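Step one of this worksheet: look at the structure below.
The values are calculated or read from the model by the stated rules, or taken from the named source; none is laboratory data. Quick caveat: nothing in here was measured; it's all calculated off a predicted structure. Here the Cβ is made from the backbone with ideal geometry for all residues, glycine too, and neighbour counts use every protein chain on show.
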Amino acid sequence: MELVTFDRDRDLDAAKRVWKEVGWVRSIGEAGWLADFLDGSDCVVARVDGEAECVVVCANGSIRYEEFPDTATDLSMCAVTAVTTSHVARRLGAARRLTALSLAEQAQSGAEVARLGMFDQGFYDTVGFGTGNYVNRFMFDPSQLKVTHPFRAPKRLTKDDWSVMRKAMIARKRGHGSCVVLPEGFSKGEIQHMESPFGLGYFDGSGGELTHFIWGEAEAENGPYSVEWIAYQTTDQLFELLALIRSLGDQVYSVHMQEPAELQFQDLIDKPFRNERSRRGSKFETYQSVFATEQLRILNLQSCIEKTRLQIEDIRFNLVLDDPVRDFVSDDHNWQGISGDYVVTLGENSFAESGNSPNLPTLSASVGAFSRMWFGIRDASSLALTDTLDAPIDLLEDLDRGIRLPTANSGWEF
Ligand SMILES: CC(C)(COP(=O)(O)OP(=O)(O)OC[C@H]1O[C@@H](n2cnc3c(N)ncnc32)[C@H](O)[C@@H]1OP(=O)(O)O)[C@@H](O)C(=O)NCCC(=O)NCCS
């Protein structure tokens with residue numbers, strides 16, 4: 001098996017075949033948008049008998065770390081946007097080795113954190129990822145949204161507006177965990193591949209820029225509709241969008257959408273339990289589902305800790321970090337994961353140095369578990385129960401008290 005950088009002339013048709021086989025497109029012809037999607041991203045392939053049979057794609061971007069808005073920092077992020085193996089190359093270790101190779105290359109090019117949406121829990125743990133927080137998704141009847149905010153007639157958005165929608169996503173209101181995916185091709189590809197899209201928005205920027213919008217799939221006349229992208233710069237704009245969604249309720253019986261970071265969405269739904277029970281099993285059922293579907297890992301420990309600003313008294317400890325990715329990265333990469341012994345200080349000026357201090361308590365953790373703790377996904381004490389993380393009780397309690405971050409919300413799915 002050959003692990004190499006994607007060569008468009010040589011590998012594009014094979015990559016389309018892989019996506020057909022994994023069911024991401026229904027026909028090779030439909031995979032035309034793949035060329036756009038790959039444009040500007042870093043792609044590696046595993047060739048078997050000279051044909052690309054496994055494709056891994058990473059896009060550069062940023063992810064926000066924010067205890068409070070005035071200390072927010074953006075970290076350079078590698079978004080793993082696709083990991084796919086064809087039917088003839090399964091269980092050869094291609095996906096894991098290519099993902100590890102991508103992480104090494106991205107870390108060497110300056111990415112501080114990697115993030116992805118998982119197909120299931122477990123696989124990416126083997127290359128150092130830790131599970132993110134729960135994400136609330138709602139299927140609701142738009143006519144039952146309790147929103148009285150006024151709204152204006154919106155402008156219609158089409159696939160041709162991918163560039164303005166991308167810009168609005170980048171300029172949107174952001175909080176802890178929010179992501180930006182930079183390559184233009186990523187946005188263009190994602191938008192082109194939608195089958196029955198609908199888009200509505202408002203161009204309120206001082207230069208006429210798109211400020212707030214919704215973009216998604218309209219499955220059938222009465223729905224379900226799904227809102228895939230939503231962007232706004234103020235909560236006033238968010239409520240205008242919600243009022244707009246409500247206005248579709250004369251025709252559309254159900255809308256699927258992720259909970260916006262700012263609010264508890266259930267507050268805005270009239271009689272959520274009556275609706276859920278009476279529509280159970282129907283095409284237009286309404287419900288709330290909660291799963292953790294995203295994962296992240298630190299790629300550069302020193303840099304991530306240095307950018308961590310917590311308004312707390314310093315917490316200092318030894319960190320013994322274990323990074324399983326080392327088993328899958330070939331020796332010719334400088335980056336071999338971040339296993340090692342460190343002395344970490346968390347506070348207003350955080351830093352991590354290599355070494356060990358005999359007078360400090362020790363936290364031992366896998367990189368996935370440590371990444372979860374650092375990003376505020378779960379308390380250290382909770383991770384000690386279900387993940388690979390261990391420390392004396394006093395240190396666990398100090399970390400529980402010290403790392404109190406808002407719930408991470410990526411706001412841009414990939
Ligand atoms: C997921 C996928 C990429 C894996 O491809 P692959 O090349 O067969 O994977 P690898 O050979 O590198 O690894 C397979 C190993 O992972 C293990 N594995 C798979 N799912 C797992 C899980 N949820 N938890 C733990 N291990 C898992 C397998 O048991 C196998 O273990 P083994 O090496 O001990 O036999 C492939 O099944 C695929 O393309 N699926 C459809 C597209 C998709 O969902 N992609 C992921 C997008 S996030």
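Only one of W33, W19 is of a type in the set (F, W, Y), within 14 Å of the ligand (Cβ to nearest atom) and assigned to a helix (DSSP H, G or I); which? Steps first, please.
Values: W33 fails: within 14 Å of the ligand (Cβ to nearest atom).
Every option except W19 fails the conditions.
Residues of the stretch 100-155 being β-branched (V, I, T) and more than 30 Å from F239 (Cβ to Cβ), which ones? Working first, answer last.
Within the stretch 100-155, the first condition is being β-branched (V, I, T), and the residues that meet it are 113, 126-127, 131, 135, 147-148.
Those that are β-branched (V, I, T) and more than 30 Å from F239 (Cβ to Cβ): V113, T126, V127, T131.
Any residue in the stretch 69-92 that is at positive phi and assigned by TED's automatic domain parsing to the domain that holds D11 sitting within a Cβ distance under 9 Å of a residue that is within 6 Å of the ligand (Cβ to nearest atom) and hydroxyl-bearing (S, T, Y)? List the pairs, counting only those 6 or more apart or interchain.
R91/T85
When the residues of the stretch 214-249 are filtered to those that are of a type in the set (D, E, K, R) and part of a loop (DSSP other than H, G, I, E, B), which remaining residue is nearest to M165 (Cα to Cα)? Walk me through how you get there before you give the answer.
Residues of the stretch 214-249 that are of a type in the set (D, E, K, R), as a first pass: 217, 219, 221, 228, 236, 240, 246.
So of that shortlist, the ones also part of a loop (DSSP other than H, G, I, E, B) come out as 219, 221.
On the way: E219: 21, E221: 24 Å.
Among them, the one singled out is E219.
Can you find a residue in the stretch 63-70 that is aliphatic (A, V, I, L, M), more than 16 Å from the ligand (Cβ to nearest atom) and in contact with a strand residue (DSSP E or B) (Cβ under 6 Å, 6 or more places away or on another chain)?
Yes, some residue in the stretch 63-70 is aliphatic (A, V, I, L, M), more than 16 Å from the ligand (Cβ to nearest atom) and in contact with a strand residue (DSSP E or B) (Cβ under 6 Å, 6 or more places away or on another chain).
Being within 13 Å of the ligand (Cβ to nearest atom) and of a type in the set (G, A, S) is the filter here, so list the residues in the stretch 82-130 that pass it.
As a first pass, look at the stretch 82-130 and keep what is within 13 Å of the ligand (Cβ to nearest atom): 82-102, 114-127, 129.
The answer is A82, S86, A89, G93, A94, A95, A100, S102, A114, G117, G122.
What is the residue count in the stretch 36-64 for residues that are among the hydroxyl-bearing types (S, T, Y) and either without any contact (Cβ under 8 Å) to a residue 60 or more places away in the chain or not in a strand (DSSP E or B) (or both)?
First, the residues of the stretch 36-64 that are among the hydroxyl-bearing types (S, T, Y): 41, 62.
Within this subset, residues satisfying the condition of being either without any contact (Cβ under 8 Å) to a residue 60 or more places away in the chain or not in a strand (DSSP E or B) (or both) are 41.
Matching residues across the stretch 36-64 total 1.
Listed residues D74, D49; which is at pLDDT 95 or above, within 16 Å of the ligand (Cβ to nearest atom) and over 17 Å from R8 (Cα atoms)?
Numbers: D74 fails: within 16 Å of the ligand (Cβ to nearest atom).
Being at pLDDT 95 or above, within 16 Å of the ligand (Cβ to nearest atom) and over 17 Å from R8 (Cα atoms) holds for just one of D74, D49, which is D49.
Under 8 Å between Cβ atoms, at least 6 apart or on separate chains: pull out the pairs that start in the stretch 313-330 with a residue that is aromatic (F, W, Y) and end on any residue that is part of a loop (DSSP other than H, G, I, E, B).
F317/L360; F317/P361; F317/A391; F328/G93
Kindly check whether there is at least one residue in the stretch 174-186 that is small (G, A, S), surrounded by fewer than 23 Cβ atoms within 10 Å (Cβ to Cβ) and in contact with a helix residue (DSSP H, G or I) (Cβ under 6 Å, 6 or more places away or on another chain). Quick ask: steps written out before the conclusion?
Kept after step one, since they are small (G, A, S), are these residues of the stretch 174-186: 175, 177-178, 185.
Checking which are surrounded by fewer than 23 Cβ atoms within 10 Å (Cβ to Cβ) leaves us with 175, 178, 185.
Within this subset, residues satisfying the condition of being in contact with a helix residue (DSSP H, G or I) (Cβ under 6 Å, 6 or more places away or on another chain) are 185.
Yes, the stretch 174-186 contains a residue that is small (G, A, S), surrounded by fewer than 23 Cβ atoms within 10 Å (Cβ to Cβ) and in contact with a helix residue (DSSP H, G or I) (Cβ under 6 Å, 6 or more places away or on another chain).
If I go through the stretch 394-404 residue by residue, how many of them are in a loop (DSSP other than H, G, I, E, B) and surrounded by 19 or more Cβ atoms within 10 Å (Cβ to Cβ)? Give the derivation first.
Restricting attention to the stretch 394-404, the residues satisfying the condition of being in a loop (DSSP other than H, G, I, E, B) are 403-404.
Now restrict to residues that are surrounded by 19 or more Cβ atoms within 10 Å (Cβ to Cβ): 403.
Result for the stretch 394-404: 1.
Between E294, E276, E313, which is more than 30 Å from G249 (Cα to Cα) and surrounded by fewer than 19 Cβ atoms within 10 Å (Cβ to Cβ)? Full working, then the answer.
Numbers: E294 fails: surrounded by fewer than 19 Cβ atoms within 10 Å (Cβ to Cβ); E276 fails: more than 30 Å from G249 (Cα to Cα).
Checking each option against the conditions leaves just E313.
Quick check on D341: is it in a helix (DSSP H, G or I), charged (D, E, K, R) and at pLDDT 95 or above?
Numbers: in a helix (DSSP H, G or I): no; charged (D, E, K, R): yes; at pLDDT 95 or above: yes.
Here the answer is no, as D341 does not meet what is asked.
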